[in-house]
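Visitor: Sharing a structure, written as structure tokens. Questions coming.
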Amino acid sequence: MSDLVEGPDGRLRCAWGASAPEYVAYHDDEWGRPVRGDDALYERLALEAFQSGLSWLTILRKREGFRAAFAGFDIDAVAAFGDADVARLLADAAIVRNRAKVEAAVANARAAQALRDGGQSLTDLIWSFAPAERPAPRSHADVPAVTPESTALAKELKRRGFRFVGPTTAYATMQACGLVNDHLEGCYARTRGVADVE
């Protein structure tokens, strides 16, 4: 279990979750805990897409900037964004200024809105791909980057008009939203309260 480290509070954590204050808070209070609610899931999906090719720490440090720029990740508000909003976002140093990712975030809000208009929630769609519970990973090497479920979820999201949602991003979203619990065996956060996060 060399991939666990003891924090200053004496608790064992996944090594990545103890490397910076932002990681400690995210690891302990969010990652792996169930997230429900369309806007909350849309936020996680958008942030995972923005993270592609970057450090997750960069995204965490810009999270409040993202929330301000994207109207609190309110699906209806972002779905209404037009060219002027895209230009505003591309000039906003508080977020990651990547045109493809910004345009994908707007397109994904519209796709989430279309899902709802068709009688299905983003929550129901994403959670329908939750795999059966599996044993706790013993090391980071036991944690996959892609699974059959994340591949299927990515395919379905793309079919529904979502962008920047490959199998790796889909799996990262599944981890972030508690569809899977990839905290290592012995990690303090693995069995900590499992109340839903909104």
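The values are calculated or read from the model by the stated rules, or taken from the named source; none is laboratory data. Note that this is a predicted model, so its numbers are computed, not measured. No Cβ is skipped: glycine too gets one built from the backbone with ideal geometry, and neighbour counts run over all protein chains shown. Just so you know, the surface numbers come from the protein's heavy atoms only, side chains and all, with ligands and any DNA or RNA stripped out. Shrake-Rupley method; radii C 1.70, N 1.55, O 1.52, S 1.80 Å.
Visitor: Given Cβ point charges of +1 (Lys, Arg) and -1 (Asp, Glu) and nothing else, what value in debye, to the nearest 20, does the dipole of the stretch 32-168 about its Cα centre take?
Guide: Its charge dipole is roughly 380 debye.
Visitor: How much mean residue ellipticity at 222 nm does the chain get from its helices, if each DSSP H run of length 4 or more adds -39500 (n - 2.57) and you divide by all residues, to the nearest 500 deg cm²/dmol?
Guide: On the way: 10 runs with 96 residues, N = 198.
Mean residue ellipticity, 222 nm, calculated: -14000 deg cm²/dmol.
Visitor: Within the accessible area of the stretch 1-153, what % is carbon and sulfur when the probe is 1.4 Å and the other protein chains stay in place? Walk me through the intermediate numbers first.
Guide: On the way: 3670 of 7030 Å².
Here it works out to 52 percent.
Visitor: Report relative contact order for the chain in percent, whole number only (criteria: Cα-Cα under 8 Å, sequence separation at least 6).
Guide: That works out to 34 percent.
Visitor: Over the chain, average the accessible area per residue using a 1.4 Å probe and give it in Å², no decimals. Walk me through the intermediate numbers first.
Guide: Details: 9020 Å² over 198 residues.
On a per-residue basis, 46 Å².
Visitor: Most fluctuating residue of ASP182, ASP74, ASP124 in a GNM of the chain with Cα springs under 10 Å: which is it?
Guide: The residue that fluctuates most here is ASP124.
Visitor: Follow-up question, since we're still on this one. Connecting C-alpha atoms closer than 10 Å in a GNM of the chain, tell me which of ARG134, ARG13, ARG44 has the biggest fluctuation.
Guide: Its mean-square fluctuation being the largest, the pick is ARG134.
Visitor: Springs between alpha-carbon atoms under 10 Å, Gaussian network over the chain: tell me which of SER121, SER55, SER150 tops the mean-square fluctuations.
Guide: SER55
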